Amino acid sequence: MPDARKGADLRRDPRFALHSASVDPPEGNAAGWAGDAKVAGRALPAGPTEGTEGELFRADIEQVVVTGLNEAGDMLRVETWSPAGGLRRIERP
């Protein structure tokens, strides 16, 4: 969208974090919780859009985090990924 506030914000500070919505687990089925996710990084200019006014950004992903429950539904599971650290999984009660 031409002259969008978000574009100006990203040109000033390219950091971003995109979070999924988190919903309550189904009643009586804690293990049915879908969990939530976050993607973070920097939005880098990628030039103008074709055919319309505006500009494109590309995402340089620095971290992905997925939080949920294990299969039994009795432990919190946090999975993180970064280019430097690769994939890590942490579980805790």
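A compact table of results
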{"item": "Contacts under 8 angstrom Cβ, first residue in the stretch 1-21 being more than 15 Å from residue 58 (Cα to Cα), partner modelled with pLDDT of 90 or more, 6 or more apart", "result": "19/36; 19/37; 19/38; 20/36; 20/37; 20/38; 21/36"}
{"item": "Residue satisfying all of: in the stretch 20-46; under 18 Å from residue 80 (Cα atoms) and charged (D, E, K, R); modelled with the lowest pLDDT among these", "result": "36"}
{"item": "Residue 61 being in contact with a Gly (Cβ under 7 Å, 6 or more places away or on another chain) and of a type in the set (Val, Ile, Thr)", "result": "yes"}
{"item": "Count of the stretch 47-86 residues which are modelled with pLDDT of 95 or more and acidic (Asp, Glu)", "result": "3"}
{"item": "One residue from 47, 28, 73 being in contact (Cβ under 8 Å) with a residue 12 or more places away in the chain, more than 15 Å from residue 16 (Cα to Cα) and not polar (S, T, N, Q)", "result": "73"}
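The values are calculated or read from the model by the stated rules, or taken from the named source; none is laboratory data. Because the structure is a prediction, the values reported are computed rather than measured. In this analysis, Cβ positions are derived from the backbone assuming ideal geometry, glycine residues included, and neighbour counts consider all displayed protein chains.
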